[in-house]
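Trainee: Have a look at the structure that comes next, please.
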Amino acid sequence: MGGSTMKESRNDYDALSRDLRAIAETKLRERRANGEEEEEEEEEDLKSLVEELSIHQLELEVQNEELRKIQHDLRAAHDRYAVLYDKAPVAFLTLSTKGQVLNCNRAASTLFGRPRTHIIDHFLHEFVAAECQDALHLHCYALINHSQTQATALNLKTSGDVPRTVLLESELDSQLIPGELSWFASLTDISDQKKLEAELSSLNRELEERVQERARQYLASRQETLAVLNAAADPIITIDSEGLIQSLNRATCRVFGYAEDELLGINLRTLLTNAGVDVFRRALEDCAEEEVGKAPKVRREALWRMKNGTKVPVEMALARIDEAKHFTIVLRDLRDKKRLELEVMQVTESERSRISRELHDSLGQELAAMSIDTRLIAEDKAGIDEATASKFRRFSEQLQRCIVQLRTIIFDLAPIDVSDGDLVDALEALVRSIPEQDDLKCSFHLSHSESLMALPRETEIQLLRIAQEGVHNARKHSGAKQIVVALSGKGGGVELQIIDDGRGVPRKKRSSFAGQGFRIMEYRCSLIGGELEIMNYRPNGTKVVCRIEQAPASEE
């Protein structure tokens, strides 16, 4: 292409020179015909014309030199293009608008698996698999008619069993062949990519099948779990770290009288009494320290509130679900248990009353008679046999001490109606029954008596027994010099306190201190729906507090 351009430039230069010479000769002849008088003038014009022609000749020579340089650069660019075209790693084709291959590079020969002579002058569709002929036709149609760059994946004809897929990218070119419209195409082998895509698609399908299978298993497991939870007789609640209810079973709605949508999303503390909130908070703190997935170790009793306001004694078992501090709470309705325990306590109180009466009417009378007889014998022997009289006096004194101890036992065993009064009278009688020995003083204080609500008989009995146990523990274990029993009706409830100035109770020994005493008090307090708290009393001593927010209704 560079050689033809230079030849055309040379021909143009020669033609122009001939034309200029012909023009000059014509003008010269015309001037000579006009006469000899103009000869000198013509000679000057001819010299001027020759000078102009010389200048123009120099200009043409400079232009010719520039054209030669351009021709050299074009030839070098053409060579570089030919090398890049031929040695490119991607297959390149130059095609006519009819799809005939005009030129191709070495990569195209390798891709098609045949020499260039078997590719050039052949049509592209001859190398494309039958199933992709329609795609190639649409590709060519869109390229020629819409002049839009096209890209289409095609399968090539191969002699082996392994299919070969290429990406055909084409664009029109009006300058590649002067006066003709052609198109330039590149073919990129994407067989490995297609293979990877097929494998990835297979893996995705397999993964989707596994996910669906796991989802079905999870759904079946969840349905089974929900069936078990809903079949459970005890309420089961799941909460998050903020205490919001995440899930619950049917028993929860049945026991507390709520619909499911009324409980989901609300804070669990809504279902707890004021005392129950404190118990639950401490239980939750203890449970947060437990390992995830372990069986519930934290169990507490607390009062919960039904939708209608009724308070229900409940045993809570808490377990930690995950690291995000989600918890499962299994609740056990203790109303029937408390009712049975109350009945047992009533039978126990009846039996205590019977024993106290028998001790008073039989053993107490016998000991009193023996004490009188021994004292009379001592008086009769006085002055006659002092040794015998002294023995009978000591025996009589021992009997008197036994009678005092027996009366204390009888009082402890006697039910509250023995005193023929209410709880206040019984507590005053309890304080009076404590002998002032070894500088021990016991007193009773009553406050806010106008707000003291009427208590069922069973509640008064349990409060009296708690006071008796507290006073007994203080006398036996604390080394106290003063014991105070206080009853208050402040706040619409009842609060019983037993305070001493003894040694106090070490926290680590609080659960086992004084044998079963504290556990008995806690048990009695739970029977009447109260909360028992045992603490050290400053500056020294122990304080036992039994609180009842609202007394349970009488069973009568």
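The values are calculated or read from the model by the stated rules, or taken from the named source; none is laboratory data. Just so it is clear, the structure is predicted and the values come from calculations on it, not from any experiment. So basically every Cβ, Gly included, is an ideal-geometry build from the backbone, and we count neighbours across all protein chains shown.
Trainee: Just need a number here: residues in the range 235-256 that are surrounded by 13 or more Cβ atoms within 10 Å (Cβ to Cβ) and more than 22 Å from ARG281 (Cβ to Cβ).
Mentor: Number of matching residues: 4.
Trainee: Quick test of your reading of the structure: GLU285 fulfils all but one of (1) over 24 Å from LEU527 (Cβ atoms); (2) touching a residue at least 24 places away in the same chain (Cβ under 8 Å); (3) loosely packed, with under 13 Cβ neighbours inside 10 Å. Name the failing condition by number.
Mentor: In the conditions (1) over 24 Å from LEU527 (Cβ atoms); (2) touching a residue at least 24 places away in the same chain (Cβ under 8 Å); (3) loosely packed, with under 13 Cβ neighbours inside 10 Å, GLU285 misses (2) alone.
Trainee: On to the next question. Take GLU171 and decide whether it is at pLDDT below 85, out of contact with any Gly (no Cβ under 6 Å at 6 or more places or on another chain) and under 21 Å from ASN105 (Cβ atoms).
Mentor: Working: at pLDDT below 85: no; out of contact with any Gly (no Cβ under 6 Å at 6 or more places or on another chain): yes; under 21 Å from ASN105 (Cβ atoms): yes.
No: the conditions fail for GLU171.
Trainee: Give VAL228, VAL279, VAL255 a once-over and let me know the one that is β-branched (Val, Ile, Thr), touching a Phe, Trp or Tyr at 6+ places or on another chain (Cβ under 9 Å) and at pLDDT below 90. First the steps, then the outcome.
Mentor: On the way: VAL228 fails: touching a Phe, Trp or Tyr at 6+ places or on another chain (Cβ under 9 Å); VAL279 fails: touching a Phe, Trp or Tyr at 6+ places or on another chain (Cβ under 9 Å).
None of the others qualify; the one that does is VAL255.
Trainee: Got a number for residues in the range 467-489 being over 13 Å from LYS441 (Cα atoms), in contact with a strand residue (DSSP E or B) (Cβ under 7 Å, 6 or more places away or on another chain) and modelled with pLDDT under 90?
Mentor: Going through the range 467-489 one residue at a time, the tally reaches 4.
Trainee: A follow-up question, please. Considering only the range 269-283, I want to know if a residue exists there that is of a type in the set (A, V, I, L, M) and out of contact with any Lys or Arg (no Cβ under 8 Å at 6 or more places or on another chain). Give the derivation first.
Mentor: Step one: filter the range 269-283 for residues of a type in the set (A, V, I, L, M), giving 271-272, 275, 277, 279, 283.
Still in the list and also out of contact with any Lys or Arg (no Cβ under 8 Å at 6 or more places or on another chain): none.
Scanning the range 269-283 turns up no residue that is of a type in the set (A, V, I, L, M) and out of contact with any Lys or Arg (no Cβ under 8 Å at 6 or more places or on another chain).
Trainee: From LEU219, LEU284, which residue is part of a helix (DSSP H, G or I), outside the structural domain of ILE321 (by TED's automatic domain parsing) and among the hydrophobic types (A, V, I, L, M, F, W, C)?
Mentor: The unique qualifying residue is LEU219.
Trainee: Another question, if that's okay. Any residue that is of a type outside the set (A, V, I, L, M), outside any helix (DSSP H, G or I) and within 23 Å of the chain's Cα centre (by Cα) - is there at least one of those in the range 201-216?
Mentor: Let us first name the residues in the range 201-216 that are of a type outside the set (A, V, I, L, M), namely 201-202, 204-206, 208-210, 212-214, 216.
Going one step further and asking which of them are outside any helix (DSSP H, G or I), we end up with none.
Checking the range 201-216: not a single residue is of a type outside the set (A, V, I, L, M), outside any helix (DSSP H, G or I) and within 23 Å of the chain's Cα centre (by Cα).
Trainee: Of all the residues that make up the range 222-240, how many are farther than 24 Å from LEU303 by Cβ and hydroxyl-bearing (Ser, Thr, Tyr)?
Mentor: 1
Trainee: Tell me, please, whether a residue that is in contact with a helix residue (DSSP H, G or I) (Cβ under 9 Å, 6 or more places away or on another chain) and part of a helix (DSSP H, G or I) can be found in the range 231-245.
Mentor: Yes, the range 231-245 contains a residue that is in contact with a helix residue (DSSP H, G or I) (Cβ under 9 Å, 6 or more places away or on another chain) and part of a helix (DSSP H, G or I).
Trainee: Scan the range 71-84 and tell me whether some residue there is among the hydrophobic types (A, V, I, L, M, F, W, C), in contact with a strand residue (DSSP E or B) (Cβ under 7 Å, 6 or more places away or on another chain) and modelled with pLDDT of 75 or more. Give the steps one after another, and end with the answer.
Mentor: Applying the first criterion (among the hydrophobic types (A, V, I, L, M, F, W, C)) to the range 71-84 yields 74, 76-77, 82-84.
So of that shortlist, the ones also in contact with a strand residue (DSSP E or B) (Cβ under 7 Å, 6 or more places away or on another chain) come out as none.
Looking for residues that are among the hydrophobic types (A, V, I, L, M, F, W, C), in contact with a strand residue (DSSP E or B) (Cβ under 7 Å, 6 or more places away or on another chain) and modelled with pLDDT of 75 or more, one finds none in the range 71-84, hence no.
Trainee: What are the pairs with Cβ atoms under 6 angstrom where one residue, in the range 330-342, is more than 20 Å from ASN249 (Cα to Cα) and the other, located anywhere, is modelled with pLDDT of 85 or more? Sequence gap at least six, or different chains.
Mentor: LYS338/PRO313
Trainee: Right, here's the next one. Residue under question is THR348, and the condition is that it be assigned by TED's automatic domain parsing to the domain that holds ALA275 and closer than 23 Å to GLU460 by Cα; does it hold? Write out each step before concluding.
Mentor: Numbers: assigned by TED's automatic domain parsing to the domain that holds ALA275: no; closer than 23 Å to GLU460 by Cα: yes.
In short, no.
Trainee: For the range 83-99, give me the residue count where each residue is exposed (fewer than 11 other Cβ atoms within 10 Å of the Cβ) and either among the hydrophobic types (A, V, I, L, M, F, W, C) or within 13 Å of LEU168 (Cα to Cα) (or both).
Mentor: 1
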